[in-house]
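Read through the structure below, which is laid out as structure tokens, and then see the notes.
The values are calculated or read from the model by the stated rules, or taken from the named source; none is laboratory data. Here the structure is a predicted model, which is why all the values come from computation and not from measurement. So basically every Cβ, Gly included, is an ideal-geometry build from the backbone, and we count neighbours across all protein chains shown. Ligands, DNA and RNA are excluded from the accessible area calculation, which covers all protein heavy atoms including side chains. Shrake-Rupley method; radii C 1.70, N 1.55, O 1.52, S 1.80 Å.
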Amino acid sequence: MTKKAAEGRVRIPRYCIVPLLFSFLYNNLVYVGCRLIAGDWPHHQLLFSWEEKIPLVPWTIAIYFGCYIFWAVNYILIGMQGREYCYRFCVGDVLSRTVCALCFLLYPTTIVRPEITGSGLWNDLLRLLYTIDAPDNLFPSIHCLVSWFCFVGIRGRKNISRWYKVFSCGAALAVCVSVLTTKQHGILDVFAGIFLAEFFFWLGMNTNLYRIHQRWLQPVSQGIFGREKG
């Protein structure tokens with residue numbers, strides 16, 4: 001993490017609150033909205049036959065659920081890298097969810113999940129997941145997409161400790177494995193999520209699309225918090 005964060009003196013800049021909040025709300029709009037629209041439509045399976053050999057590993061539900069903390073910490077950390085960097089990152093983030101929405105609506109996918117018969121905490125949590133989360137909105141995997149964004153967003157930042165970059169890479173890879181071992185996704189969902197994160201991060205960093213995003217959101221931010229250097 002950054003030196004200030006490591007020393008416990010963390011102040012979240014006001015300029016990053018609105019763009020990060022917008023990304024969060026847009027992500028949920030895409031996920032819930034597409035499910036409401038296409039939930040009853042015919043769904044397809046994008047699985048290779050050999051994927052049946054991937055074992056169900058109940059304890060990896062801890063990684064699947066625990067990644068939400070990882071996401072929150074890293075998105076805030078990315079937002080703290082400066083106003084322009086924040087908007088560049090967030091425009092790529094939002095555009096990636098737009099592509100997700102198109103995929104979810106144009107080619108809805110599903111997966112057949114196993115029946116959980118065992119007892120214990122991990123099996124109970126798996127049953128809970130299967131109850132609250134329908135097997136749709138799978139290609140690409142938003143879990144993998146967001147986790148990889150958490151890594152690429154800090155990958156090239158000199159003010160972030162190397163150990164935390166390594167940790168973030170490992171955490172993102174662990175999430176990618178967990179979506180397979182909890183039988184929530186197939187391998188194509190995983191690679192599509194990683195690809196979208198890499199592509200849209202590059203797009204946000206190497207084009208001026210962020211200015212459109214900033215033009216809409218910065219006045220909202222300034223209206224709420226006032227002007228702030230960053």
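Numbers at a glance
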item: Pairs where the first residue, in the stretch 205-217, is open to solvent by 90 Å² or more (accessible area, probe 1.4 Å) and assigned to a helix (DSSP H, G or I) and the second is at pLDDT below 95 and of a type outside the set (D, E, K, R), C-beta under 9 Å, 6+ apart; result: none
item: Matching entry among Y64, Y68, Y75, Y130 (being open to solvent by 60 Å² or more (accessible area, probe 1.4 Å) and either within 25 Å of F191 (Cβ to Cβ) or of a type in the set (K, R) (or both)); result: Y68
item: Whichever residue in the stretch 42-53 is surrounded by 15 or more Cβ atoms within 10 Å (Cβ to Cβ) and hydrophobic (A, V, I, L, M, F, W, C) and, among such residues, is farthest from D136 (Cα to Cα); result: L47
item: Qualifying residues in the stretch 95-144 (those that are in contact (Cβ under 8 Å) with a residue 12 or more places away in the chain and among the acidic types (D, E)) - the one nearest to A62 (Cα to Cα); result: D133
item: Residue in the stretch 111-129 that is among the hydroxyl-bearing types (S, T, Y) and modelled with pLDDT of 95 or more present; result: no
item: The lone exception for Y164 - which of (1) part of a helix (DSSP H, G or I); (2) under 20 Å from C16 (Cα atoms); (3) touching a strand residue (DSSP E or B) at 6+ places or on another chain (Cβ under 9 Å) it fails; result: (2)
item: F167 being under 17 Å from I76 (Cα atoms) and among the aromatic types (F, W, Y); result: yes
item: So Y85, is it open to solvent by 40 Å² or more (accessible area, probe 1.4 Å) and of a type in the set (F, W, Y); result: no
item: Evaluation of T98 against (1) over 24 Å from L180 (Cβ atoms); (2) surrounded by 18 or more Cβ atoms within 10 Å (Cβ to Cβ); (3) of a type in the set (S, T, N, Q) (one fails), failing number; result: (2)
item: Pick from the stretch 145-164, criterion of a type in the set (F, W, Y) and touching a residue at least 12 places away in the same chain (Cβ under 8 Å), ranking: surrounded by the fewest Cβ atoms within 10 Å (Cβ to Cβ); result: Y164
item: Qualifying residue in the stretch 107-116 (condition: more than 29 Å from V166 (Cβ to Cβ), in contact with a strand residue (DSSP E or B) (Cβ under 8 Å, 6 or more places away or on another chain) and open to solvent by 20 Å² or more (accessible area, probe 1.4 Å)); result: yes
item: Cβ-Cβ under 7 Å pairs, at least 6 apart or on other chains, the stretch 40-66 side closer than 9 Å to S178 by Cβ and modelled with pLDDT of 95 or more, far side of a type outside the set (V, I, T) and open to solvent by 70 Å² or more (accessible area, probe 1.4 Å); result: I61/W122
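Residue-by-condition table, conditions (1) within 16 Å of the chain's Cα centre (by Cα); (2) part of a helix (DSSP H, G or I):
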residue: Q81; (1), (2): no, no
residue: F89; (1), (2): yes, yes
residue: L95; (1), (2): yes, yes
residue: T98; (1), (2): yes, yes
residue: A101; (1), (2): yes, yes
residue: L105; (1), (2): no, yes
residue: P114; (1), (2): no, no
residue: N123; (1), (2): no, yes
residue: L128; (1), (2): no, yes
